[in-house]
Amino acid sequence: MSLGVKQAKSYLNIKEGKIIHKTGAGKEALYDFIEGYLVDITKRDREFKGETVVYWYFDIQTETGEIYSLSIHYSSGVAKSILNALGSAEVLGKIRIETYQSGDFTKAIVYNNGERLSWKYSELPPLEEIKVGDKLVKDDSKRMDLFNQMAQDIVNKINRII
């Protein structure tokens, strides 16, 4: 027989270059980075203003055993940057995700065992224009297929057990 306590996750978001941890009673703590060991990447639907929106969840375990789940909009540049950087690591160790504001955009830098990671892919599948009704819209499905595959490849590299 085994006994244990299920580890609760603390959820984080990113806004205006900062990592946000809602601490209750409407208060927020702002951080520049999160550091620890990647234990999972998942994709989930969330309800937002009556719409279903897809988010990535990057689960990171700290040295003290706490688990933080960083949620980022599925097709955001920040999520793509983090996945592309993590995808370049041969072996995952202690990671650090730093966020910052550059003009109107939030950006991210990823480190693995103290070394800054470059992107795995500098060239991404191009956006295609498709006709929906009488409108031309940009289709990023081939690009997002690549990021989904990268996420799966990264999860397959994880060797840390919660």
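The values are calculated or read from the model by the stated rules, or taken from the named source; none is laboratory data. Computed from a predicted model, the values in this text were never measured in an experiment. FYI the Cβ positions are ideal-geometry reconstructions off the backbone, even for glycines, and counts take in every protein chain you see. Note: accessible area is taken over every heavy atom of the protein model, side chains too, but ligands, DNA and RNA are not part of it. Shrake-Rupley method; radii C 1.70, N 1.55, O 1.52, S 1.80 Å.
The table for this structure:
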quantity: For the range 1-145, accessible area per residue (1.4 Å probe, heavy atoms of protein chains only), Å²; calculated: 64 Å²
quantity: Degrees between helix 141-157 axis and first principal axis of the chain (Cα, 0 to 90, nearest 10); calculated: 20 degrees
quantity: Dipole magnitude (debye, nearest 20) for the range 67-156, charges at Cβ of Lys, Arg, Asp, Glu; calculated: 200 debye
quantity: DSSP bridge orientation in the range 1-100 - percent antiparallel, rounded to nearest 5; calculated: 90 percent
quantity: Electrostatic dipole magnitude of the range 1-131 [Cβ: Lys, Arg +1; Asp, Glu -1; Cα centre; debye, to 20]; calculated: 280 debye
quantity: FRET efficiency estimate (nearest 0.05) - Cβ-Cβ, K49 to L127, R0 30 angstrom; calculated: 0.75
quantity: T23, T42, ranked by accessible area, largest first (probe 1.4 Å); calculated: T23, T42
quantity: Set K107/K157; K9/K131; K43/K107; K18/K131; K131/K157 screened for pairs whose C-alpha atoms are more than 32 Å apart; calculated: K9/K131; K18/K131; K131/K157
quantity: Nearest-10 value in Å² for the accessible area of E16, using the 1.4 Å probe; calculated: 130 Å²
quantity: Protein accessible area in the chain, 1.4 Å probe - carbon and sulfur %; calculated: 49 percent
quantity: For the range 19-114, the fraction of alpha-carbon pairs in successive 5 Å shells from zero, as %; calculated: 3, 12, 20, 25, 22, 12, 4, 1, 0
quantity: Cα pair distances in the range 3-162, grouped into 10 Å bins until the bin that holds the longest one, percent each; calculated: 10, 36, 36, 14, 4, 0, 0
quantity: Nearest-ten-degree value, helix 77-86 long axis tilted from longest Cα axis of the chain; calculated: 60 degrees
quantity: Area of H21 that stays accessible when all protein chains are in place (1.4 Å probe, Å², to 10); calculated: 40 Å²
quantity: Residues with amide H under 5 Å from that of S10, placed H, sequence gap 5 or more; calculated: I67, Y68, S69
quantity: Residues whose placed amide H lies under 5 Å from that of R46, excluding near-sequence neighbours; calculated: V53, V54, Y55
quantity: Helix-derived mean residue ellipticity, 222 nm - over the chain, DSSP H n ≥ 4, -39500 (n - 2.57), to 500; calculated: -5500 deg cm²/dmol
quantity: Which of D134, D40 is most accessible, then next, and so on - probe 1.4 Å; calculated: D134, D40
quantity: K138/I109 FRET efficiency (R0 35 Å; Cβ-Cβ; nearest 0.05); calculated: 0.85
quantity: Solution diffusion estimate, µm²/s, Stokes-Einstein, the range 58-110, Kirkwood Rh from C-alpha pairs, 20 °C, viscosity 1.002 mPa s; calculated: 175 µm²/s
quantity: Added length on full extension, which subtracts the Cα-Cα distance from 0.36 nm per residue, N13 to A25; calculated: 2.6 nm
